[in-house]
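Chemist: Following this message is one structure expressed as structure tokens.
The values are calculated or read from the model by the stated rules, or taken from the named source; none is laboratory data. Just so we're clear, the structure is a prediction, and the values are computed from it rather than from any experiment. Neighbour counts run over all protein chains shown; Cβ positions are idealised from the backbone, glycine included. Just so you know, the surface numbers come from the protein's heavy atoms only, side chains and all, with ligands and any DNA or RNA stripped out. Shrake-Rupley method; radii C 1.70, N 1.55, O 1.52, S 1.80 Å.
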Amino acid sequence: MIAKADAVVIGGGIMGASTAHFLTKLGVGEVALLEKRKICGGSTQYSAAHVRQHYSNEVGIRLAVRGASMFRNAEEELGGSAGFHQIGYMLFAPPEGEQGLRDIIPVQQGFGVETSLLTPDEVMHRWPQLQLDDVALACYEPTSGFADPVQTVESLVRSAQRDGLHVFESCEVLGISTASGRITGVVTGDGEISTGVVVNACGPWGDRIGRMVGVDYPITFSREHEAIFDAAALQGADAFHDYPVISDVPQCFYTRPYLGGRVLVGEGWPKKKEPVDPETYDDGTDEAHLLGMVPKLLNRIPSLAPTLTQPNYGGAFVTGYSGVYDITEDWYPIVGEEEIGGYYSCFGGSGHGFKIGPAIGESLAATIAGQEPLIDISSLSGARFSEGKTFGSVWGPGNRA
Ligand SMILES: Cc1cc2nc3c(=O)[nH]c(=O)nc-3n(C[C@H](O)[C@H](O)[C@H](O)COP(=O)(O)OP(=O)(O)OC[C@H]3O[C@@H](n4cnc5c(N)ncnc54)[C@H](O)[C@@H]3O)c2cc1C
């Protein structure tokens with residue numbers, strides 16, 4: 001353990017790894033990253049890691065565009081491979097969402113997103129395994145895809161470590177010291193570090209760190225389920241897993257190909273929250289959630305019915321798991337300095353924080369270093385809740401922010 005640091009980042013998920021990485025790259029002095037488990041041992045490890053650029057607000061779109069570019073050029077931008085697969089991204093809109101989609105696409109294009117509208121017939125012509133009777137309109141981003149969350153975080157951390165970042169795993173922060181309204185140090189199970197800058201990047205544990213300095217966050221938690229099916233085991237499934245990442249708004253569902261000839265499915269919003277304690281919850285999934293997701297996959301890809309309607313899903317079920325969303329009141333993260341000098345929030349990813357994590361870390365690090373950030377992230381400040389400057393989304397409350 002070091003006795004003194006110029007900045008201490010708490011939490012080794014995508015938010016903390018990115019911020020610590022860019023603080024180190026900017027030469028902010030001695031930077032320490034403290035993680036109570038192992039690097040990427042929190043919610044990021046469960047992420048579907050979809051990297052889309054479809055957002056409803058300027059700051060979200062700008063962060064997503066920058067983020068996607070970082071994933072595409074990970075070796076240079078993130079310090080190593082992010083396991084990124086540029087398979088594209090598609091969103092399906094129901095009739096009541098058609099106009100909203102028509103309105104937001106030109107806005108996204110104006111901020112540099114490569115995206116275009118597709119009719120259901122155009123989609124089915126290109127991906128004939130898909131059935132879109134309940135879809136009014138789609139959009140398609142060829143430069144998006146999905147990444148490997150653990151590899152991304154490892155690359156960010158290990159490359160910065162080579163440049164001098166101090167990394168402490170199995171190191172729990174137990175308290176934060178302040179004097180005269182400013183941060184003075186961090187108390188850990190392994191000793192105390194004197195510092196004037198602390199970044200709270202603790203994801204679903206972020207509210208607990210906040211309580212150490214008297215900051216209350218408008219945040220709730222929900223257990224989120226995903227399942228993986230083996231494409232090879234699915235009869236009638238010729239090339240069915242060759243499709244982009246799909247946000248399926250009519251069905252509140254998402255799916256994408258998974259490595260090794262598999263597919264991933266997950267539940268979208270709006271739906272009922274499943275509040276859990278991130279420390280003690282069961283990270284498996286259960287039959288009730290599978291029974292919710294499989295019919296939606298079958299509705300989109302009817303050729304899978306001969307297998308997936310068999311007992312035990314015809315042997316195609318590989319595994320299921322669940323992570324925890326840390327959800328703010330407006331489904332946007334809380335990023336920036338709080339009233340206590342030197343104390344920065346960087347969490348509340350609300351189920352979509354992975355893709356924008358690197359771009360948030362980059363601009364937050366610049367802000368802490370007193371430099372002009374590449375993207376103005378001041379609108380993500382926690383003050384927006386008391387100032388009535390919260391965000392809305394084309395798709396209503398949910399992680400399709
Ligand atoms: C199932 C699921 C699917 C998702 N899919 C997507 C997606 O497709 N695309 C997308 O963009 N986003 C997605 N997300 C959201 C995204 O993954 C999260 O917003 C993001 O990973 C959160 O990262 P984080 O760094 O804030 O938190 P975490 O990864 O949870 O990191 C916080 C870390 O802080 C550590 N910590 C906590 N307390 C302490 C302490 N006292 N001392 C030291 N360390 C501490 C924890 O151990 C943890 O490692 C998904 C999330 C889930 C759960």
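Chemist: Can you tell me which residue in region 70-99 is farthest from the ligand (Cβ to nearest atom), limited to those that are small (Gly, Ala, Ser) and under 21 Å from Tyr243 (Cα atoms)?
Modeler: Ala93
Chemist: What's the number of the condition Leu101 fails, among (1) touching a strand residue (DSSP E or B) at 6+ places or on another chain (Cβ under 9 Å); (2) at positive phi; (3) outside the structural domain of Ser43 (by TED's automatic domain parsing)?
Modeler: Condition not satisfied by Leu101: (2).
Chemist: Examine region 254-268 for a residue that is modelled with pLDDT of 95 or more, open to solvent by less than 20 Å² (accessible area, probe 1.4 Å) and of a type in the set (A, V, I, L, M), and state whether such a residue exists.
Modeler: Yes, because at least one residue in region 254-268 is modelled with pLDDT of 95 or more, open to solvent by less than 20 Å² (accessible area, probe 1.4 Å) and of a type in the set (A, V, I, L, M).
Chemist: Which of the residues belonging to region 278-336 are closer than 28 Å to Leu130 by Cβ, polar (S, T, N, Q) and either open to solvent by less than 30 Å² (accessible area, probe 1.4 Å) or not in a strand (DSSP E or B) (or both)?
Modeler: First pass over region 278-336, keeping only residues closer than 28 Å to Leu130 by Cβ: 285-323, 325, 331.
Narrowing the set further to residues that are polar (S, T, N, Q) leaves 285, 299, 303, 307, 309-310, 312, 319, 322.
Thr285, Asn299, Ser303, Thr307, Thr309, Gln310, Asn312, Ser322, listed by residue number.
Chemist: Looking at Asp148, is it over 19 Å from Ser18 (Cβ atoms) and of a type in the set (Asp, Glu)? Lay out the reasoning, then the answer.
Modeler: On the way: over 19 Å from Ser18 (Cβ atoms): no; of a type in the set (Asp, Glu): yes.
Against the criterion (over 19 Å from Ser18 (Cβ atoms) and of a type in the set (Asp, Glu)), Asp148 does not qualify.
Chemist: Residues that are under 30 Å from Thr184 (Cβ atoms): which helices (runs of 4 or more DSSP H) entirely in region 1-116 hold 1 or more of them?
Modeler: Values: elements: 14-25, 58-72, 74-77, 98-110.
Answer list for region 1-116: 14-25.
Chemist: Related question: Where the second residue is among the aromatic types (Phe, Trp, Tyr) and part of a helix (DSSP H, G or I) and the first is closer than 20 Å to Ser247 by Cα and lies in region 293-309, which pairs have Cβ atoms under 9 Å and are six or more apart or on separate chains?
Modeler: So the pair list comes out as Val294/Tyr313.
Chemist: Open to solvent by less than 20 Å² (accessible area, probe 1.4 Å), at pLDDT 95 or above and more than 19 Å from the chain's Cα centre (by Cα): which single residue out of Leu33, Leu26, Leu91 fits that description?
Modeler: On the way: Leu26 fails: open to solvent by less than 20 Å² (accessible area, probe 1.4 Å); Leu91 fails: more than 19 Å from the chain's Cα centre (by Cα).
None of the others qualify; the one that does is Leu33.
Chemist: From the list Gly315, Gly398, Gly392, Gly342, which residue is at pLDDT below 95, away from the ligand (no atom under 16 Å from the Cβ) and either small (Gly, Ala, Ser) or in contact with a helix residue (DSSP H, G or I) (Cβ under 6 Å, 6 or more places away or on another chain) (or both)?
Modeler: On the way: Gly398 fails: away from the ligand (no atom under 16 Å from the Cβ); Gly392 fails: at pLDDT below 95; Gly342 fails: at pLDDT below 95.
Selected residue: Gly315, the only one of Gly315, Gly398, Gly392, Gly342 that is at pLDDT below 95, away from the ligand (no atom under 16 Å from the Cβ) and either small (Gly, Ala, Ser) or in contact with a helix residue (DSSP H, G or I) (Cβ under 6 Å, 6 or more places away or on another chain) (or both).
Chemist: For region 122-129, indicate whether the set of residues that are in contact (Cβ under 8 Å) with a residue 24 or more places away in the chain and assigned to a helix (DSSP H, G or I) is non-empty.
Modeler: First, pick out the residues of region 122-129 that are in contact (Cβ under 8 Å) with a residue 24 or more places away in the chain: 123, 127, 129.
Filter once more, so that each one left must be assigned to a helix (DSSP H, G or I): 123.
Within region 122-129, one or more residues are in contact (Cβ under 8 Å) with a residue 24 or more places away in the chain and assigned to a helix (DSSP H, G or I).
Chemist: Within region 345-393, can you find the residues that are over 18 Å from the mean Cα position of the chain (by Cα) and either in a helix (DSSP H, G or I) or surrounded by 22 or more Cβ atoms within 10 Å (Cβ to Cβ) (or both)?
Modeler: Scanning region 345-393 gives Ala365, Ala366, Thr367, Ile368, Ser378, Ser379, Gly382, Ala383, Arg384.
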